[in-house]
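Below: one structure, written as structure tokens.
Please treat every number below as a calculation from the coordinates, not as lab data. Since the structure is predicted, the reported quantities are computational estimates derived from the model, not experimental observations. Cβ placement follows ideal geometry from the backbone for every residue including glycine, while neighbour counts extend to all protein chains displayed.
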Ligand code: TUI
């Protein structure tokens, strides 16, 4: 399936892997790129030298294009922004903020810039600032989220900007990809389904929670702090939400979540850990290789869209 995004990124299939904190490390990114999608290293709060190391490891495992997600709430973001230039990555996606300060540096280096946005206003601003594309991410997503749904956000962003739009949030199979294309998207970004990929280093306990999750098993913590985060419900979310209800201070809430994602991903602590996942978790049923997932989804999407090798423009 050829689209403006497969051309822009030099990839076979219009599927980007989300830049998930702790989860999107080099094994996963390389596997997605090798399968014809666009693998992404999630820099999250990693120190710049760790990000450099991760980039170099992806290069050892694949000669296909891949990207880096720069999480803008990270105090190290300016240094990470320089590392991606020095290492010459194909594209950068950004999350949780406005990447305007880095845009010129990236563009001058020939890096494609794809900000993740959760509103039409932000999409317009990013187009003006020189973005090559945007990811319109609906509130169905895991992790840090906005409030508009994918179904409403994607077509509104498509109407508002001329650059290609990538849909994210609640997409986990070929039907979701076909639906995103119907809404005007030129590609999709998926995170939750890739958590359970065979190549994903996520602890088995976390993968099992995603696979066993039902449709309404996610919860949004932190609405009162201005940083809403979608996670699977557990002891941590119950305590967090109770504390939020009782008006507990920001500092105390931060203490509860501090390091809790790492605890879930690395140690498999599904009780006190932060199990970031999107609402699509209810549809994720088994561990598969990235290649199996991508080929299965693309076959399904192309069947539904009634396209074969002709391509989509
Ligand atoms: O960034 C994400 N998802 C994330 S980041 C993350 S790590 C984290 N951990 C704890 C607290 C906060 C973050 C986990 N999941 N998705 C992309 C995304 N970006 N969703 C929403 C936004 C966004 C929000 C506000 C983009 C721009 C924006 O604009 C703010 C501004 O500066 O105008």
**Fill in**
Ranked from fewest to most other Cβ atoms within 10 Å of their own Cβ, 72, 275, 153 fall in the order 72, 153, 275
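Share of Cα-Cα pairs in the range 1-49 beyond 11 Å, in percent?
That fraction is 65 percent.
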**Item:** Normalised contact order of the chain, rounded percent, pairs of Cα under 8 Å and 6 or more residues apart
**Value:** 18
**Request:** Enter the mean projected area of the convex hull around the alpha-carbon atoms of the range 38-162, in nm², rounded to one decimal.
**Result:** 7.4
**Message:** Rg and Dmax in Å for the range 97-144, alpha carbons only: what are they?
**Reply:** 11.1, 34
**Request:** For the range 166-222, evaluate the Debye formula with one uniform point scatterer on each Cα (no solvent term) and list log10 I(q)/I(0) at q = 0.19 Å⁻¹, rounded to two decimals.
**Result:** -0.80
**Asked** Given a cut-off of under 8 Å on Cα pairs at least six residues apart, what relative contact order in percent is computed for the range 1-160?
**Response** 14
**Complete:** Neighbour-count ranking for 22, 106, 299 (other C-beta within 10 angstrom, fewest to most) reads 299, 22, 106
**Item:** Mean projection area, nm², convex hull over Cα of the chain
**Value:** 14.3
**Message:** Counting only helical runs of four or more DSSP H residues, what would the 222 nm mean residue ellipticity of the chain come to if each run contributes -39,500 (n - 2.57) and the total is spread over all its residues?
**Reply:** -12500 deg cm²/dmol
**Prompt:** Can you work out the base-10 log of I(q)/I(0) for the range 146-280 at q = 0.11 1/Å, using the Debye formula on its C-alpha atoms alone?
**Reply:** -0.47
**Item:** Rg ratio (alpha-carbon, reference 2.2 N^0.38 Å) - the range 205-284
**Value:** 1.04
**Fill in**
The residues 38, 66, 102, sorted from fewest to most surrounding Cβ atoms within 10 Å, come out as 102, 66, 38
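Stretched out fully, how many nm does the piece from residue 159 to residue 109 gain, at 0.36 nm a residue minus the Cα gap?
15.1 nm
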**Complete:** Hydrodynamic calc, the range 248-291: Kirkwood Rh from Cα pairs, then Stokes-Einstein at 25 °C with viscosity 0.890 mPa s, so D in µm² s⁻¹ is 198
